[in-house]
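Coordinate-derived values only; no laboratory data. Since we're looking at a predicted model, the values are computed, not measured. As a convention, Cβ positions derive from the backbone with ideal geometry for all residues, glycine included, and neighbour counts pool all protein chains shown.
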């Protein structure tokens with residue numbers, strides 16, 4: 001990696017770390033430059049606008065999520081084991097994703113759900129992609145005979161995300177020690193509702 005590329009990566013990583021605590025809109029370019037020992041003009045040499053930096057931060061978060069949640073699950077056998085791994089990895093991501101506790105994407109959803117523009121579009125793309133990954137894993141589980149053939153993959157993904165969101169709230173906001181157990185209980189009920197009957 002070139003020196004310029006290395007500096008750009010450092011800026012994005014630091015901005016992502018800041019965004020987990022103050023929100024993406026709350027990332028101050030002045031504070032960011034100070035933390036990286038850069039001038040504002042030096043920072044702008046890598047990102048011509050705050051929006052360009054924010055988009056890079058969202059893309060970095062997506063890459064990290066893929067590395068920690070999606071790719072390890074895809075290494076599991078097709079079917080229920082892969083679906084379970086996606087859920088378990090999502091919980092681990094909310095517990096500790098290398099940036100602290102919580103899910104940056106859930107924060108981004110709250111921040112941009114009512115704010116039209118490129119940043120909202122990027123967040124929407126990331127969340128649609130995640131639901132598509134879940135739905136595809138569920139469809140494959142049905143093909144493998146683990147789930148019923150008539151399983152509604154999109155409905156499953158909807159409930160999967162709902163359980164993960166509830167876990168995040170209970171774990172981070174309420175500091176509920178039973179949050180993970182409750183998430184697993186809810187997910188087991190969801191799995192039981194779609195499992196194929198064994199002869």
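Taking 7 Å steps out from each Cα toward its Cβ at residue 75 and residue 28 produces label points 4.1 nm apart.
Among 131, 122, which comes first, second and so on when ranked by fewest other beta-carbon atoms within 10 Å?
Details: 131 16, 122 19.
Ascending number of Cβ neighbours within 10 Å: 131, 122.
Counting other Cβ atoms within 10 Å as a rough exposure proxy, the listed residues 74, 99 run 74, 99 from fewest neighbours to most. Taking a point 7 Å from the Cα of residue 198 along the Cα-to-Cβ direction, the residues of region 129-165 with backbone N closer than 15 Å to it are 145-148. Considering only 17, 170, 34, the Gaussian network model of the chain with Cα springs below 10 Å gives its largest mean-square fluctuation to 34.
Using only alpha carbon pairs under 8 Å that are at least six residues apart, calculate the relative contact order of region 59-194 and give it in whole percent.
On the way: 122 pairs, mean separation 32.1, N = 136.
With pairs under 8 Å counted, the relative contact order is 24 percent.
One chain, two ends: residue 129 and residue 189. Fully extended at 0.36 nm per residue, the span grows by 19.2 nm beyond their Cα-Cα distance.
Over the residues of the chain, the helix contribution to mean residue ellipticity at 222 nm works out to -21500 deg cm²/dmol, using -39500 (n - 2.57) for each DSSP H run of at least 4. With only Cα atoms counted, the chain has Rg and Dmax values of 19.0, 69 Å.
Hey, quick one: spin label on residue 13, modelled 7 Å out along Cα-Cβ, who in region 81-114 has an amide N within reach, i.e. under 15 Å? Label zone hits: 98-100.
Could you tell me how many degrees, from 0 to 90 and to the nearest 10, lie between the Cα long axis of helix 153-168 and the main elongation axis, the longest principal axis, of the Cα atoms of the chain? Once rounded, the angle reads 60 degrees. Counted by neighbouring Cβ atoms within 10 Å, the residues 185, 20 run from fewest to most as 185, 20. Each label point was placed 7 Å from the Cα along the Cα-to-Cβ direction; for residue 96 and residue 136 their separation is 3.0 nm.
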